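Quick notes on the structure that follows.
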Amino acid sequence: MNMDNGIFAFRARIFFVLLMGFPLAAHSESIMVGDIEINPQDFSASLDSEQRMAKCLSCHGHHAGGDIDFGPDVRFGTPALRGMGEQYLKESLNAYQAGTRTHKEMSAISAMLDEETVNFMARSFAAYIAPSMKAASELTALAEKDALFRRGQTIARQGISQHGVPACIFCHGPLGEGSAAGPRLAGQNVTYIESQIKAFVSGSRQTVQSASMHPVAAGLTDDDIKAVAHYYESVSEPPVVAGRVTEDN
Ligand code: HEC
Ligand code: HEC
């Protein structure tokens with residue numbers, strides 16, 4: 001489909017820009033991502049909801065599935081947003097606005113959003129249908145043949161007590177589907193999961209909510225992080241189901 005190619009080309013340009021470290025003009029009202037301009041009008045309440053979300057989706061994947069939209073071998077590191085709770089999405093956008101999370105593009109883009117737009121985005125992305133989990137038999141088969149998956153699964157279920165790491169399932173749900181105590185990890189891409197655990201360690205992600213992640217992240221070695229990231233990326237089905245539950249609410 002032409003549209004898919006268009007989005008892919010846009011994404012490819014963004015990837016190039018992220019690699020090259022495109023300089024942003026400080027405090028500018030608009031930013032350039034490759035040769036695409038992003039400005040506050042792109043998210044205006046006067047647009048219909050599809051148009052209003054279009055530039056977000058250009059980066060976050062056609063179906064808000066992040067890198068997963070482009071297949072597990074494509075590594076941009078853009079997070080999937082579908083399956084995330086409304087409250088978490090809102091808090092994340094607020095965190096970029098407040099500077100307790102920092103990222104070149106997201107910090108600049110969040111600064112373009114007023115409160116109504118943040119609420120609209122959180123509501124609209126929360127309405128995307130999350131991919132279902134793999135069947136129990138498939139997870140068992142994966143654990144048998146894939147040592148990295150198996151290691152990740154053990155960390156997720158049991159933590160690493162000798163390093164003070166609690167089990168991820170306490171807060172992220174039995175298969176990483178998310179809970180009131182922690183966001184969804186299932187189906188999130190490896191690159192993004194790794195980058196966030198490192199951001200908790202370095203302190204560049206310092207939200208109030210992230211206090212519970214600091215001891216977790218501090219106790220994980222690079223190999224542990226790889227294993228647990230691979231595990232969570234692999235537990236859900238690839239995105240075959242597309243679309244949102246509702247149009248506008
Ligand atoms: C230029 C590409 C790009 C665009 C456009 C973009 N994002 Fe992002 N977004 C990212 C990347 C990359 C990250 C991960 C940033 C980080 O490491 O903190 C991210 C992170 C996020 C997060 C945090 C996700 C999580 O799991 O914590 C939310 C929420 C989000 N974006 C929403 C939006 C919304 C809403 C829009 C449109 C108004 C948007 N993004 C536009 C690239 C983009
Ligand atoms: C005590 C509760 C708790 C435990 C245990 C926990 N987490 Fe978290 N985790 C959270 C919370 C809360 C957040 C959201 C932080 C924020 O909003 O900045 C989070 C965020 C994350 C994120 C970022 C998600 C995103 O979309 O940006 C990753 C990755 C993560 N946790 C991985 C893990 C792994 C792997 C484990 C197990 C080794 C684990 N967590 C154990 C509470 C927990």
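Which of the pairs Lys55/Lys134; Lys55/Lys226; Lys90/Lys226; Lys145/Lys226 have their Cα atoms more than 23 Å apart in this structure?
Cα-Cα > 23 Å for Lys55/Lys134; Lys55/Lys226; Lys90/Lys226; rest within.
Taking neighbour Cβ counts within 10 Å as the exposure measure, how do Asp48, Asp73 sort from fewest upward?
Asp73, Asp48
Give a residue-ordered list of calculated ³J(HN,Hα) values for the stretch 87-103 (Karplus: 6.51 cos²θ - 1.76 cosθ + 1.60, θ = phi - 60°; whole Hz; x for Gly, Pro).
After applying 6.51 cos²θ - 1.76 cosθ + 1.60, I find 4, 5, 4, 5, 5, 5, 5, 4, 5, 5, 5, 7, x, 7, 10, 10, 7 Hz.
Take every Cα pair under 8 Å in the stretch 35-126 that's 6+ residues apart, average their separations, divide by the length, and report that relative contact order as a whole percent.
Averaging sequence separation for qualifying contacts and normalising by length gives 26 percent for the stretch 35-126.
Under a straight-distance cross-link criterion of Cα-Cα below 13 Å, which aspartates and glutamates are reachable from Lys198, leaving out those fewer than 8 residues away in the same chain?
Asp222, Asp223, Asp224
To make sure I understand, if each residue's beta carbon is the centre and we count other beta carbons within 10 Å, what order do Arg123, Arg205 fall in, fewest to most?
Fewest-to-most Cβ neighbours within 10 Å comes out as Arg123, Arg205.
Please list, ordered by chain and number, the residues whose modelled amide H lies under 5 Å from the amide H of Ser132; skip anything fewer than 5 residues away on the same chain.
Counting only residues 5 or more places away or on other chains, the set is Glu237.
Relative contact order of the stretch 136-234, please, whole-number percent, based on alpha carbon pairs below 8 angstrom and at least 6 residues apart.
Answer for the stretch 136-234 is 34 percent.
Please list the non-local residues whose amide H lies under 5 Å from the amide H of Val165, H modeled 1.01 Å from N, same-chain partners needing a gap of 5 or more.
Correct list: Ile160.
Any read-out appearing in this document is the output of simple, stated calculations on the displayed coordinates, not a laboratory observation. Here the structure is a predicted model, which is why all the values come from computation and not from measurement. With ideal geometry, Cβ positions are generated from the backbone for all residues, glycine too; neighbour counts draw on all protein chains shown.
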